[in-house]
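Chemist: One structure follows; several queries about it will come next.
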Amino acid sequence: MGRVCLLACCTVWVLAAASSGLRADRAVAADQTPAAAPAPAPQATAATSQAPTSDQALVQKYCVTCHNARAKTAGLSLEGANPAEAASHAELWEKVAMKLRGGMMPPQGMPRPDAATLETFAASIEKTIDDRALRSPDPGHKPVHRLNRTEYGNAVRDLLDLDVDVTNLLPADDESHGFDNIAGVLRVSPLLLEQYLAAARSISSLAIGTDTDLVRSDYRVPPDDGQEDHVEGLPLGTRGGLLVKHNFPQDAEYEFSIKLLRNIVGYLTGLEFAHQIEISIDGERVFLEQVGGEEDNRASDLAMSATADKIDERLKKKVFVKAGPRMVGVTFIKRNHAESDEPLQQHERNHDLQDMNGLPLIDHVSVIGPYNAKGPGDTPSRRRVFTCQPASTASETTCARTILTSLAKRAYRRPVTSADMDPILERYAAGRGKGTFDNGIEQGLRLILANPKFIFRTETSPEVTSPNSRTRPTAPTDGPAIARVTEFELATRLSFFLWSSIPDDQLLDAATEGRLSRPAVLEQQIRRMLADPRSSALVDNFASQWLMLRNLKSHIPNPGDFPNFDNELRDGFRTETELFFQSVVREDRSVLDLLNADYTFVNERLARHYGIPNVYGSHFRRVRLQQEERRGLLGQGSVLTVTSYPNRTSPVLRGKWILENVLGTPPPAPPPNVPALSDNEAGQEAKSLRARLEEHRRTPACASCHRVMDPLGFALENFDGIGEWRVKEQGGNVDPEGQLADGTKVDGPIALRQALNKHPEMFVRTVTEKLMTYGLGRGLDHRDMPLVRQIARESAKNNYKWSSLVLGIARSAPFQMKKAAQVQAVSTN
């Protein structure tokens, strides 16, 4: 019954939020800020037609041939348009400026002025727009912001000192504008609310330790993991396996069950020789068993399936474990060849399930329990929750109020009122009446975790009186009616921007004292937050989505084309880029180092792939790059792999990635019915990828975009589909030469990087735009571009340091202000 009531309360709250304007209406449900009615197409006035400006003459000479009222190439008509009036038609001229900056207008093969003239023209358009827009910046509209799955998990971690795998509790969130924290697409449904309620129940019982039901957790080794090398974190002298953090809810016995990988006919490989497999908890061995050897091998020859089943039974063990988070390791002892009967030339990798050779591999490990529970024990979450212990039954209510008030304040991200606490304490009393003090606290905590005040990031919509009243709006009178966010709203915006989680006590204290919005205090808090380990959220969430690192997990290169690729290399790619990005953030380096840094992070496996000598072991370390082509993101296997197809490179995908994520000039969507790229046919002379793409570009519908994208991608063609350097490809030698949209010639990754560095502000603006989208939780449009440019300009004074971009965003109107409801004030005359 309580579950139904909770769901009903959540549903009513969401509906109420929608009706009060806190939630997005249907027009902006997909995170499109409510735009003003489209401005009419600019018409030539008598003045402008009689005395055109030099910029207008340039438009007439070089642009109107394609962008006229009849042709409207790319949907743009500049016929009669006057750049001097760009501020009145900002949406149109922002598109023009973007194309000019990207060297895409005028297109190759058409008459075009010199580069300096184009640069001056683009800067003039931007200045005209900026001069007006920055006088009254628009904070934009953002609907109620539900915590996404990652934010919910991080909030639970910081509230309760409890790491939970939220992927087992909540579904993945939709993405928009490249990120999954965009408010407009974080929708709510009755089914999703049910899942949040179930998550609240599971998390609260785990945190308090009140649930003694048997639970089974399975941990699988990725199927393309060779398990031949040491896994970081496991004991030295071991190979393969896995290392996982598991939350044990009780001081109790737990059954560990190891299943080895069988091939397609149920055969366990590697039984010819003896192998020892161990289980460790927090580094201490609790189980050791032999598999394979003469007896197992002979039995398998007689009864293959039955022997495998018996080995599975041998690999089960019940162990008493103290409650709390523990590191569970399962791995093989690696014996050297001097003491082993194994052949010197081992059969490498047996991912093919029809294979009958190779080493035994772990398929998955199960943890089942608790059995014979002794109690909840002393866990980090209980220490965090139970800030007091009642000395007697009479003092329980006072202690419960202290505990739950503290939790509610952190969870709701503001001071709590009696209206907040009354239902929580009622829930505590109901739980205490049916059980123990701990049961009551668990029930109160469950209500906090299921409350819309925790699940949704809501902001008040203050009433800003009309300009006719004595109380003026906060914003200039010629701009939209806006108001400054409250101190607690600012604390919440900051914490979810930099930590993807709730504010800590320092932020809340500064907000309580009304100091957080002071410029000096705000900067001090931001620098503190960037130095905090929780800022790794910028790597895990922002960078992993911006740079498409999340796509690595589902990217499976064809084993026939890339036989050296496996899960260890995939993990290495991601770890390298994460450590690299983290170094730029933590060391407050220039954003340009993302393109130009002469260092990276590798372990032995990745160094071997890159051809970097003298690197040994599974741990990652910082190395200085001697190969200039490897510098920055464009030389890293993560980016090069996710921008390739499973069987080959893709100059198109790589060029598109650079346009979108480096230059900030994304290409238009491809036209319908575009023919696929032709493959080399058996029996015919193999053609290079360049030759096949050149044939593809002969299609008129394809040529315009490919002329821009392909040269960028071809410059990286010396890197194969998994980022390994090469000089030959199918059909001949690799040809990385090309000409960029602005006429610059490039012949490889070094020349490409040098060309990109000619206009560093373009990359800085792109990073600013991406980071601002992520930080605001909404997509940007033409109204935000003046602020993006302003932040980039200001950061140039500090060598484009990472902190200067973050500070610029946090100080901006969209971050510090919100749109307010416009009401008519009652006259006081």
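Chemist: So, taking all protein chains as they sit and a 1.4 Å probe, how much accessible area belongs to Glu284, in Å² rounded to tens?
Modeler: Estimated to the nearest 10 Å², Glu284 gives 120 Å².
Chemist: Mind checking which aspartates and glutamates have their C-alpha under 17 Å from Lys797, skipping anything on the same chain fewer than 8 residues away?
Modeler: Excluding near neighbours in sequence, the set is Glu523, Asp588, Asp593, Glu761.
Chemist: Here is a further query. Between Ala115 and Asn733, what is the spin-label point distance in nm, taking each point 7 Å from the Cα along the Cα→C-beta axis?
Modeler: Rounded to a tenth, the inter-label distance reads 2.7 nm.
Chemist: While we're here: Could you calculate the FRET efficiency of Asp505 with Lys127 from 1/(1 + (r/R0)^6), where r is the beta carbon distance between them and R0 is 41 Å, rounded to 0.05?
Modeler: Here the calculated transfer efficiency is 0.40.
Chemist: Can you give the FRET efficiency for Arg401 and Asp598, using 1/(1 + (r/R0)^6), R0 = 51 Å, r = Cβ-Cβ distance, to the nearest 0.05?
Modeler: 0.30
Chemist: Here's a follow-up. Could you pull the accessible area for Phe273 with a 1.4 Å probe, rounded to 10 Å²?
Modeler: Taking all protein chains as shown, Phe273 has close to 60 Å².
Chemist: Let me ask you something else. Could you sort out which of Lys259/Lys334; Lys318/Lys409; Lys72/Lys819; Lys259/Lys434 sit more than 30 Å apart by Cα distance in this structure?
Modeler: Lys318/Lys409; Lys72/Lys819; Lys259/Lys434
Chemist: Tell me, what is the percent relative contact order of segment 123-184, built from C-alpha pairs under 8 Å that lie six or more residues apart?
Modeler: 35 percent.
Chemist: Still on this structure: Extension gain Arg187-Thr436, at 0.36 nm per residue separation less the Cα-Cα distance, in nm?
Modeler: Computed gain between Arg187 and Thr436 is 85.9 nm.
Chemist: Apply the Karplus parameterisation 6.51 cos²θ - 1.76 cosθ + 1.60, with θ equal to phi minus 60°, to every residue of segment 526-539 and state each ³J(HN,Hα) to the nearest whole Hz, in sequence, with x for glycine and proline.
Modeler: 5, 5, 4, 5, 5, 7, 6, x, 5, 5, 4, 4, 5, 7
Chemist: What distance in nm lies between label points placed 7 Å from Cα along the C-beta direction at Asp218 and Ala691?
Modeler: Roughly 4.9 nm, to one decimal.
Chemist: A further question follows. Relative contact order, percent, of segment 255-313 when contacts are C-alpha pairs under 8 Å separated by at least 6 residues?
Modeler: Relative contact order for segment 255-313 comes out at 33 percent.
Chemist: Determine the order of Lys99, Lys801, Lys61 by accessible area, beginning with the largest, at a probe radius of 1.4 Å.
Modeler: Descending accessible area places them as Lys61, Lys801, Lys99.
Chemist: Still on this structure, I have one more. Probe 1.4 Å, all protein chains in place: accessible area of Tyr219 in Å², nearest 10?
Modeler: In the full protein context, Tyr219 sits at about 50 Å².
Chemist: Can you give me the relative contact order of segment 76-176 as a percent, contacts being Cα pairs under 8 Å and 6 or more apart?
Modeler: 23 percent
Chemist: For the residue pair Leu236 and Arg624, what label-to-label distance in nm results when each label sits 7 Å from Cα along the Cα-to-beta-carbon direction?
Modeler: 2.7 nm
Chemist: Computed over the Cα atoms of segment 384-455, what is the convex hull's projected area averaged over all directions, in nm²?
Modeler: Reported value for the Cα convex hull: 4.4 nm².
Chemist: What's the extension gain from Asp282 to Leu653 if we count 0.36 nm per residue and subtract their Cα-Cα distance?
Modeler: Gain in length upon complete extension: 129.2 nm.
Chemist: Taking the convex hull of the Cα atoms, report for segment 203-286 its projected area averaged over all directions, in nm².
Modeler: Convex hull of Cα atoms, orientation-averaged projection: 7.7 nm².
Chemist: Further question: Give the aspartates and glutamates reachable from Lys61 as a straight Cα distance under 19 Å; neighbours fewer than 8 places away on the same chain don't count.
Modeler: Glu79, Glu85, Asp114, Glu119, Asp742
Chemist: In whole angstrom, note down how far apart the Cα centers of segment 89-159 and segment 720-799 are.
Modeler: 15 Å
Chemist: Would you mind getting me the FRET efficiency between Ser305 and Ala198? Use the beta-carbon distance for r and R0 = 51 Å, nearest 0.05.
Modeler: 0.85
Chemist: Would you mind calculating the gained length between Ser554 and Lys316 on full extension (0.36 nm times residue separation, minus the Cα-Cα distance), in nm to one decimal?
Modeler: 82.5 nm
Chemist: Let me ask something else about it. Could you work out the local net charge near Phe581, counting Lys and Arg as +1, Asp and Glu as -1, over the other residues with Cβ closer than 15 Å to its Cβ?
Modeler: +2
The values are calculated or read from the model by the stated rules, or taken from the named source; none is laboratory data. Everything numeric here is computed off the predicted structure, so don't read it as measured data. Using ideal geometry, Cβ is built from the backbone for each residue, glycine included, and neighbour counts are taken over all protein chains shown. With ligands, DNA and RNA removed, areas are computed over all heavy atoms of the protein, side chains included. Shrake-Rupley method; radii C 1.70, N 1.55, O 1.52, S 1.80 Å.
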